[in-house]
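Enquirer: For reference, the structure I am asking about is given below.
Laboratory data are not the source of any read-out in this text; all were calculated from the coordinates shown. Computed from a prediction, not measured in an experiment: that's the story for all the values here. Cβ sites come from the backbone with ideal geometry, for glycine too, and all protein chains shown count toward neighbours.
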């Protein structure tokens, strides 16, 4: 590592700097910076960086890696000003964050950081972030400089000859992990095969508290609201342009930027969107709101399987019972429901397994999927805006979701062969 003194003109050319309260708190960042740049980088404190960005020597910087942790949240105004100054001087910004609250992280990313990497740094994550930042912007992105919310990659319509499998995911209570399952199942399906992977779309239909954009660090586009406002005028091009891509593999219709009433869209709107998605994608994952609304019926009819996520508690049991009763009273296809128990007891927890069995018997349901408790790393992955497969691939929860994705993919392939 070089020190800030290495920024003198006679030293080797400095193309990057770390900026932090104390870089020794980020030893993995030091190692990765040395691996990527050798001696061609320096280290600055927050205060020194604020002054250095105004100096002529700052013109040689390609990027800065601003590293923050939970102790830096009180310095948020200073860090925000550093990001603004760096962007004003056309210096790239890679944000390194450890245990920073989602609200703070969101504010910093909104200020224009080019990329974000969680700390501790995943293997090769800094290298990938630098490579992404160095890639020349496409002509379309350059033309969209005046519209930053629309600057994310725009999906293109295919020939529309697919017949996608619709898989809604509905949480039977707040915090049961339905959105986490929706996001990670979508990603696992999109990456289930190295060659000829299925084309996957995630529709976030929780118009008020949808979190898919947060869990994947995607912008909420104004075009989503425009699409929902007039689905009758929607065509393949306008639908695909409303989607945002994650890592060029997963396509996402995020929740709108503003909180909207759930009855803003009708069953006809929902059917049009799902029908369009099915023609463009092999799998359509729908992240549902917890509330039953008029158009829930439309999604249920469209679904091949309707996942209901619950936990091992009285609240989930009562809500599952009420859901089945509501569907039966309206003569709706409740047999499409597949129950997913999140934070299930461990294999060695015999008492917990007995409670699961009694719960299923009392509700007269089959709990077909048991997902282990991912703990704090799962929450951190969501805060960092990355799927589990990109941050903590060996966690048991990720492995179970991966198994589910493989099973769904194999079943879809088998069904396609039988149809032929």
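Enquirer: Rounded, prolate or oblate: pick one for the stretch 184-248, where a ≥ b ≥ c are the square roots of the eigenvalues of its C-alpha gyration tensor, a/c under 1.5 means rounded, and failing that, prolate if a/b is larger than b/c, else oblate.
Expert: oblate
Enquirer: Can you order the peptides 170-183, 333-346, 402-415 by their average number of other Cβ atoms within 10 Å per residue, highest first?
Expert: 170-183, 333-346, 402-415
Enquirer: Report the Stokes-Einstein translational diffusion coefficient (µm² s⁻¹, integer) for the stretch 205-289, Rh taken as the Kirkwood radius over Cα pairs, at 4 °C with viscosity 1.567 mPa s.
Expert: Estimated via Stokes-Einstein, D reaches 100 µm²/s.
Enquirer: With a cut-off of 8 Å between alpha carbons and a minimum separation of six or more residues, what is the relative contact order of the chain in percent?
Expert: The value is 15 percent.
Enquirer: Right, next: For the stretch 4-135, what D do you get in µm² per second when you plug the Kirkwood radius from alpha-carbon pairs into Stokes-Einstein at 10 °C and 1.306 mPa s?
Expert: Using the Kirkwood radius from Cα pairs, D works out to 109 µm²/s.
Enquirer: How many nm is it between the label spots at residue 31 and residue 101, if each spot is 7 Å from the Cα in line with the beta carbon?
Expert: 3.2
Enquirer: On to the next question. Per residue, how big is the convex hull of the stretch 257-320 when only Cα atoms are used? Give it in Å³.
Expert: Per-residue hull volume (Cα only) is 126 Å³.
Enquirer: Determine the relative contact order of the stretch 257-374: mean sequence separation of Cα pairs under 8 Å and six or more apart, normalised by residue count, in whole percent.
Expert: 23
Enquirer: If the viscosity is 0.890 mPa s and the temperature 25 °C, what Stokes-Einstein diffusion coefficient in µm²/s follows for the chain when Rh is the Kirkwood radius over Cα pairs?
Expert: Rounded, D is 105 µm²/s.
Enquirer: Per the Kirkwood treatment, what hydrodynamic radius in Å, one decimal, follows for the stretch 287-412 from the mean inverse distance over all distinct Cα pairs?
Expert: The answer is 16.2 Å.
Enquirer: What does the highest-first list of 230-236, 63-69 look like by mean Cβ count within 10 Å?
Expert: In descending order of packing, they fall as 63-69, 230-236.
Enquirer: Using helices alone, what [θ] at 222 nm do you get for the chain, with -39,500 (n - 2.57) per DSSP H run of 4 or more residues, divided over all residues and rounded to the nearest 500?
Expert: -12500 deg cm²/dmol
Enquirer: Output needed for the stretch 177-219: three equivalent-ellipsoid semi-axes, defined as square roots of 5 times the C-alpha gyration tensor eigenvalues, in descending order, whole Å.
Expert: Working from the Cα gyration tensor, I get semi-axes of 22, 10, 9 Å.
Enquirer: Given Cα pairs under 8 Å that are at least 6 residues apart, what percent is the relative contact order of the stretch 320-420?
Expert: 21
Enquirer: Quick one: angle between helix 27-37 and the longest Cα principal axis of the chain, in degrees between 0 and 90, rounded to 10, please.
Expert: The angle comes out at about 70 degrees.
Enquirer: Between helix 350-363 and the chain, what is the angle of the helix's C-alpha long axis to the longest principal axis, kept within 0 to 90° and rounded to the nearest 10?
Expert: 50
Enquirer: Now for a separate question. Calculate the spin-label point distance for residue 111 paired with residue 416, positioning each point 7 Å from the Cα along the beta-carbon direction, and give it in nanometres.
Expert: Calculated label separation equals 4.6 nm.
Enquirer: While we're on this one: Sorted from largest down, give the three principal axis spans of the alpha carbons of the stretch 333-382, whole angstrom values.
Expert: Sorted largest first, the three principal extents are 36, 30, 12 Å.
Enquirer: While we're here: Relative to the longest principal axis of the chain, what angle (0 to 90°, nearest 10) does the C-alpha long axis of helix 76-88 take?
Expert: Roughly 70 degrees, rounded to the nearest 10.
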